[in-house]
């Protein structure tokens, strides 16, 4: 594994076509090397390796917290919510050494800027203290990606990640600390992780861990991701390759009519397993400047 320590000029990224407008990624590249990772498509478009070489070299934005502090202090910054980890896992192994995500969480809390964070990395439990401190000053939401608990599917498709059950143990730790933490069954793989029994197992265990929300999404295959994923599928489940080639022929996304049954099934499972949520931390009111009587 190669770590390239390179400073960045900006920390916050304006995003289009996503359910959030701003993102922050302390690293470029991801050692988790998930076969289905949509970021491979962006790497291919930028003429960077999206095949088996992806994830072997990680850019470490060593000054990202300092840059973020300056950007959050600008008068033009409106404290809009920021998504951490939209293009790389902020709790991949490099974070254990560099602690950039931890430093950025401190800055968001200090600036009362809300943020969401998605990860597959149980290392986040190390940062419960800064997450709690930030949640007292702004809205904080964490999503853990747990597409399946099936060991074969996990090992083949998420080779660099921690075991899914360890992720759910971390969900429990965060929710017990008062952090709003949900579970994302994403991406679900047609014919593999969308099996009803597998879905029910994840939802049941997520609820038991205290997940405050559960949602699902189905695999999409953009050019760059498509080639790598289908090659891995041919290696691990060759009998499914013809069906995937048919499903994704000429398109990157399945239609809503094709994905809604499985997403609806997850919603029903989540409703059926509902239980009272643990209390989550609410931001304290911001101090108000009192006017002096004259």
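The values are calculated or read from the model by the stated rules, or taken from the named source; none is laboratory data. These numbers come from a predicted model, not from an experiment. Note that we place each Cβ from the backbone using ideal geometry, even for glycine, and neighbour counts take in every protein chain shown.
Brief remarks follow.
- For the stretch 167-206, a tally of residues being surrounded by fewer than 20 Cβ atoms within 10 Å (Cβ to Cβ), assigned to a helix (DSSP H, G or I) and touching a residue at least 60 places away in the same chain (Cβ under 8 Å) returns 4.
- For the stretch 35-56, the criterion of being surrounded by fewer than 22 Cβ atoms within 10 Å (Cβ to Cβ) and closer than 30 Å to residue 284 by Cα is met by none of the residues.
- Failed criterion for residue 131 (all others in (1) surrounded by fewer than 19 Cβ atoms within 10 Å (Cβ to Cβ); (2) within 30 Å of residue 71 (Cβ to Cβ) hold): (1)
- Within the option set 162, 65, 86, being touching a helix residue (DSSP H, G or I) at 6+ places or on another chain (Cβ under 7 Å), under 28 Å from residue 4 (Cβ atoms) and not in a helix (DSSP H, G or I) holds for one residue only, 162.
- Test: residue in the stretch 111-123 that is farther than 19 Å from residue 27 by Cβ, touching a strand residue (DSSP E or B) at 6+ places or on another chain (Cβ under 8 Å) and buried (at least 21 other Cβ atoms within 10 Å of the Cβ): yes
- Number of positions in the stretch 89-110 that are assigned to a loop (DSSP other than H, G, I, E, B), within 18 Å of residue 8 (Cβ to Cβ) and in contact with a helix residue (DSSP H, G or I) (Cβ under 7 Å, 6 or more places away or on another chain): 1
- Residue list for the stretch 111-123, filter: more than 19 Å from residue 66 (Cβ to Cβ) and touching a helix residue (DSSP H, G or I) at 6+ places or on another chain (Cβ under 9 Å): 114, 117, 119, 120, 121, 122, 123
- Some residue of the stretch 229-247 being surrounded by 14 or more Cβ atoms within 10 Å (Cβ to Cβ), touching a strand residue (DSSP E or B) at 6+ places or on another chain (Cβ under 8 Å) and modelled with pLDDT of 95 or more: no
- Members of the stretch 68-83 found to be outside any loop (DSSP other than H, G, I, E, B) and without any contact (Cβ under 8 Å) to a residue 12 or more places away in the chain, listed by number: 70
- Cross-chain or 6+ apart pairs with Cβ under 7 Å, the stretch 134-155 first and in contact (Cβ under 8 Å) with a residue 24 or more places away in the chain and at positive phi, then crowded, with 19+ Cβ neighbours inside 10 Å and not in a strand (DSSP E or B): none
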